[in-house]
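Take a look at the structure below.
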Amino acid sequence: MLPTDKKARKNTPIYSGVLAYFPDAIAAVAELSRIGNEQHNPGQPMHWAREKSTDHADCIVRHLIERGTVDSDGVRHSTKTAWRALALLQIELEGAVEQDYQSHWLMHGFDGKEWKTSRQYTRHELEQLVSTPIRRI
């Protein structure tokens with residue numbers, strides 16, 4: 001999640017710190033996302049069907065073992081390693097944010113009946129609910 005503070009957002013160099021460093025790798029991962037969407041969600045708009053594959057760590061190792069080669073579908077194993085690593089990190093970061101939200105809710109006396117998943121709220125909305133800034137990742 002990006003910080004809500006303008007200065008802090010400028011200190012998160014998404015283009016110059018990631019996209020500009022790895023343009024070909026990012027393009028390969030994006031293409032793999034398209035290929036995966038066609039495989040797992042044919043005819044649907046691009047989206048990550050998370051429930052269809054959750055064994056990211058095992059897949060990372062399997063694809064890493066075969067790095068430098070191309071899989072039977074024509075995609076490099078290293079591209080699949082990168083995609084799985086991003087998926088694993090995304091889920092991990094979302095889990096950390098989710099824990100922060102739950103801790104704040106409990107700390108401020110909410111009994112859990114009001115609790116919904118963090119993806120149903122923006123960080124700003126949650127901060128307003130708990131009147132306390134939430135730790136940035």
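The values are calculated or read from the model by the stated rules, or taken from the named source; none is laboratory data. In this text, all values refer to a predicted model and were calculated from it rather than measured experimentally. We place every Cβ from the backbone using ideal geometry, glycine too, and count neighbours over all the protein chains shown.
Tabulated data
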read-out: Every pair of residues 6+ apart whose Cβ atoms lie under 8 Å, when the first sits in the stretch 77-91 and is over 13 Å from Glu66 (Cβ atoms) and in contact (Cβ under 8 Å) with a residue 40 or more places away in the chain while the second is in a helix (DSSP H, G or I) and among the β-branched types (Val, Ile, Thr); value: Ala82/Val29; Trp83/Val29; Leu86/Val29
read-out: Set Ser78, Ser118: member being of a type in the set (Gly, Ala, Ser), surrounded by 13 or more Cβ atoms within 10 Å (Cβ to Cβ), in contact with a helix residue (DSSP H, G or I) (Cβ under 8 Å, 6 or more places away or on another chain) and at pLDDT below 60; value: Ser118
read-out: Boolean, Glu31 is in a helix (DSSP H, G or I) and surrounded by fewer than 12 Cβ atoms within 10 Å (Cβ to Cβ); value: no
read-out: Where a residue in the stretch 34-59 is assigned to a loop (DSSP other than H, G, I, E, B) and its partner, wherever it lies, is among the hydroxyl-bearing types (Ser, Thr, Tyr), with Cβ under 8 Å and at least six apart; value: Met46/Ser33; Trp48/Ser33
